[in-house]
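Trainee: Sharing a structure with you now.
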Amino acid sequence: MYTTELQKQAGVTTAEPAELLAAFEARVAADEFIEPKDWMPDAYRRTLVRQMSQHAHSEVVGMLPEGNWITRAPSLRRKAVLLAKVQDEGGHALYLYSATETLGTSREEMIDALHSGRAKYSTIFNYPTLTWADIGAIGWLVDGAAIMNQVPLQRTSYGPYARAMVRICKEESFHQRQGYEIMMALAVGTPEQKRMAQDALNRWWWPSLMMFGPPDDNSPNSAQSMRWRIKRDTNDQLRQKFVDVTVPQAEAIGLSVPDPDLKWHEDTGHYTFGAIDWEEFYAVVRGEGPVARERMQARRKAWDDGAWVRDAATAHAEKRSRRQAA
Amino acid sequence: MSQQWPLWEVFIRTKGGLSHRHVGSVHAADPDMAIRHARDTYTRRMEGVSLWVVPSAAITASDPAQAGPLFEPAADKVYRHPTFYTVPDHIKHI
Amino acid sequence: MSDQAYFDYLLRLGDDSLVLGQRLGEWCGHAPTLEIDLSLANVALDLIGQATYLLGHAGTVEGAGRDADRLAFHRDALDFRNCLLVEQPNGDFAQTMARQFLFSTYQRLLFQELAGSTDADLAAIAAKAVKEVAYHADLAAGWVVRLGDGTPESHRRMAGGMEWMARFVDELFVMDALETGLHARGLAVDRAGLRPAFDATVAATLAEATLPPLPAHRPVTGGRKGHHTEHLGHLLAPMQHLQRTYPNAVW
């Protein structure tokens, strides 16, 4: 899971030595990797912390909509696959928090920012999972969109981030396939199953397109992020690519994409598609998504309920080292 | 009190005969927990046969600003490499 | 060849793993830290894997065309054969670890013995599972010690978790006529014989955790005959909901 949708202006500050800055820009331009102890501009560090922690938060919150169906998965195989997949999301959050910590921000600070509402996460997870088909749709569409965002980031300029993304992309490769497999089974199933599948596609299609973020002409800091290789393709390029590969996948299993304006153009080899409801998008970014409250409540509860466990382990470790020292 | 568990760097030997390699980090309150967390996080897909965990605070790293004095002096010591020496083609096993 | 008694025995083994795996799945996304979330999911995955093998094997032994899914999703609570311990609610993390420690400590001893079963299929399943379970038992024991000997609050919670689970321990070691018969054929383990090793491990761990011994309690039993606690029905309702609602659907 991933989001580039929330990138804001990093706020360029200029009190930095020009020669260091020039050397840094040259290294990034030469496709070299920046490592934790290397000098880097403040804005680069801040942009990375924000983007990487948002990405990590999205993985953590993303466990909830799918976790909602673990106890109800309709076969032992589906149950194991879903549990392994949601566990992967937790693992990916962990890789990303680890990578972000190398920039000098602790995981606790990041989690605090999430729980206090200062940090954002991917808006897609503020939509509910109403039927089993939603688990298929999330794997197929949401992970499909995420993979398109993530693959280029394996070559992003910050070394720990790039290495985390390599691991994540490798592990995510099964996520989209399992989602599509669920949809395939439903699409050839009973009328009730087909209805679930089509309904899930109807609800998840547009939010999936929104995952690529605002249109390029309204994405202010793209240029700097592209130069820094924190971002490697534009939002609209990735969105177009997603539509081009996904529409035929829907057609292949007899589902229809909920867009009356969708049209294939033989000459360009691309689809054109209807207008995205950006009002909806910005409302969800503001925290007005249908289950935003439930998501944050669940995360805060898990963290607060776990406080005594974390404290106990710390206390036990201290007792043990005191005993060893004695 | 709520004090964050320390950070541990995780190293994995992917198979016998290879060195341990850095893969990432975990938070844990004690060494046993750090090993278990490393196992449950980084070896879910048969990535390893052995694990090391090291408190991140125990690692001393070289200073990137000193990379010049530290590493560049090795650049012209070409005589440390076998290709520096000329041996006729018909001489074998050398 | 159908062997009703042996089928029933395999259900006892498979249902234990299935029900506990289902319970642990409830934690996913809600654990005290991300690392613990991953640990719990790993244990759950091992258990669901064991259930799949054991119930699959049960279906083969029964010979009535029921596979693991049919057995997992289309039996009523009265037909479930798991022990009462595994169906107990997660409670807080201490209660979950109390249940895990007691069950995995028992299951490790059980599978060690079953690896020598005269049924080669069951022996193979047990030989694979015993490594998984050894990890579960040690993981849980570690948490019992940390929480027991942590803060006053964690000590209180850990003692409370043990107290909740203690009344379901005896059931793990009850030999009934069915198992006595199977034991004579080399197919079942003498449960009663596992008790001393279990007691020794539990006593050592509780002592290290500065926790009191398990409180004495009149044993609560019935799971092996299908008479469960009230909790099982609530566990099965969501688990079986899709399969029961759409009985002819393929997922």
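The values are calculated or read from the model by the stated rules, or taken from the named source; none is laboratory data. Nothing here was measured: the structure is a model prediction, and the numbers come from that model. Glycine gets a Cβ as well: all are built from the backbone with ideal geometry, and neighbour counts include every protein chain shown. Ligands, DNA and RNA are excluded from the accessible area calculation, which covers all protein heavy atoms including side chains. Shrake-Rupley method; radii C 1.70, N 1.55, O 1.52, S 1.80 Å.
Trainee: Please tell me the relative contact order of the stretch C:4-245 in percent, rounded to the nearest whole number, where contacts are Cα pairs under 8 Å and at least six residues apart.
Mentor: RCO, the stretch C:4-245: 25 percent.
Trainee: Tell me which of A:M52, A:H270, A:T246 sits at the most positive position along the dipole axis of chain A, charges placed on C-beta atoms (Lys, Arg +1; Asp, Glu -1).
Mentor: Positive-most Cα among the choices belongs to A:M52.
Trainee: Now for a separate question. Return the FRET efficiency for the residue pair C:H74, C:A127: r is the Cβ-Cβ distance, R0 is 30 Å, and the value is rounded to the nearest 0.05.
Mentor: 0.55
Trainee: Could you work out how far helix C:34-62 tilts from the main Cα principal axis of chain C, as a 0 to 90 degree angle to the nearest 10?
Mentor: Taking the Cα atoms of chain C, the angle to C:34-62 is about 30 degrees.
Trainee: Choose one answer from A:S122, A:S222, A:S173: the residue with the largest mean-square fluctuation in a GNM of chain A with alpha-carbon springs under 10 Å.
Mentor: With Cα springs under 10 Å in chain A, the top fluctuation among A:S122, A:S222, A:S173 is at A:S173.
Trainee: Only residues of the stretch A:191-206 count here: report those whose backbone N is under 13 Å from the spot 7 Å along Cα→Cβ of A:S256, or say none.
Mentor: A:198-199, A:202
Trainee: Something else about it: Set Lys and Arg Cβ to +1 and Asp and Glu Cβ to -1, take the dipole of the protein assembly as shown about its Cα centre, and tell me which of A:G179, C:A216, B:L7 lies farthest positive.
Mentor: Highest projection toward the positive end goes to C:A216.
Trainee: Here's a follow-up. With contacts defined as alpha carbon pairs under 8 Å and 6 or more residues apart, what's the relative contact order of the stretch A:249-326 in percent?
Mentor: 12 percent
Trainee: Whole angstrom only: what separates the Cα centroid of the stretch A:282-305 from the Cα centroid of the stretch C:132-196?
Mentor: Taking the Cα centre of each part, the stretch A:282-305 and the stretch C:132-196 sit 38 Å apart.
Trainee: Among the GluC sites (Glu not before Pro) in the stretch A:58-135, which ones are in a DSSP loop with at most 12 other Cβ atoms within 10 Å of the Cβ? Mind listing them?
Mentor: none
Trainee: Run the quick spin-label model on C:V174 and B:Q3: label points 7 Å from Cα toward the beta carbon, then report their separation in nm to one decimal.
Mentor: The two pseudo-label positions are separated by 4.8 nm.
Trainee: Mind giving me the FRET efficiency for A:D244 and A:V151? R0 is 22 Å, r the Cβ-Cβ distance, nearest 0.05 is fine.
Mentor: Between A:D244 and A:V151 the formula returns 0.90.
Trainee: With the contact rule set at Cα under 8 Å and sequence spacing of 6 or more, what percent relative contact order holds for chain A? Walk me through the intermediate numbers first.
Mentor: Working: 401 pairs, mean separation 70.9, N = 326.
RCO, chain A: 22 percent.
Trainee: A further question on this structure: Compute, for C:W164, the solvent-accessible surface of its heavy atoms (probe 1.4 Å) with the complete set of protein chains present, and express it in square angstrom to the nearest 10.
Mentor: Counting only protein heavy atoms, C:W164 exposes about 90 Å² to solvent.
Trainee: Is there a quick way to get the dipole size of the stretch A:174-268? I mean about its Cα centre, with the Cβ of Lys and Arg at +1 and of Asp and Glu at -1; what is the value in debye to the nearest 20?
Mentor: Here the size comes out at about 460 debye.
Trainee: So between C:E113 and C:E230, what do we pick up on full extension, going 0.36 nm a residue minus the alpha carbon distance?
Mentor: Between C:E113 and C:E230, full extension yields 39.0 nm more.
Trainee: Ignoring everything except DSSP H segments at least 4 long, calculate the 222 nm mean residue ellipticity for chain A; use -39,500 (n - 2.57) per segment, divide by total residues, nearest 500. Kindly include the intermediate steps, with their values, before the conclusion.
Mentor: Numbers: 13 runs with 199 residues, N = 326.
My calculation for chain A gives -20000 deg cm²/dmol from helical runs alone.
Trainee: Still on this structure, please answer the following. Rounded to the nearest 500, what is the 222 nm mean residue ellipticity of chain B from helices alone, with -39500 (n - 2.57) per DSSP H run of 4+ residues and division by all residues?
Mentor: Theoretical 222 nm ellipticity from helices: -5000 deg cm²/dmol.
Trainee: Roughly how big is the protein assembly as shown's charge dipole about its Cα centre, with Cβ charges of +1 (Lys, Arg) and -1 (Asp, Glu), in debye to the nearest 20? It would help to have the intermediate numbers written out before the result.
Mentor: Working: 71 positive and 83 negative charges, 200 e Å.
About 960 debye.
Trainee: Taking the Cβ-Cβ separation of A:E280 and A:A18 as r and a Förster radius of 45 Å, what is the calculated FRET efficiency to the nearest 0.05?
Mentor: Using R0 = 45 Å, I get an efficiency of 0.55.
Trainee: About the Cα centre of chain A, what is the dipole size in debye to 20, counting +1 per Lys and Arg Cβ and -1 per Asp and Glu Cβ, all else neutral?
Mentor: I would put it at about 1360 debye.
Trainee: Within chain A, what is the longest stretch that has no trypsin sites (Lys or Arg not before Pro) placed in a DSSP loop and near at most 13 other beta-carbon atoms within 10 Å?
Mentor: A:119-326
Trainee: May I pose another question? Springs between alpha-carbon pairs under 10 angstrom, Gaussian network model over chain B: which of B:V23, B:V54, B:V78 fluctuates most?
Mentor: So, out of B:V23, B:V54, B:V78, the one fluctuating most is B:V78.
Trainee: Select from A:N218, A:N149, A:N68 the residue whose mean-square fluctuation is largest in a Gaussian network model of chain A (Cα-Cα springs shorter than 10 Å).
Mentor: Largest GNM mean-square fluctuation: A:N218.
Trainee: Then there's this: Specify which residue in the list C:V61, C:T118, C:L139 is farthest towards the positive end of the charge dipole of the stretch C:23-146, using unit charges on the beta carbon of Lys, Arg (+1) and Asp, Glu (-1), about the Cα centre.
Mentor: Highest projection toward the positive end goes to C:L139.
Trainee: To continue, here is another question. Round to the nearest 10 and give me the degree value, 0 to 90, for the angle of helix B:31-42's Cα axis relative to the longest principal axis of chain B.
Mentor: 70 degrees
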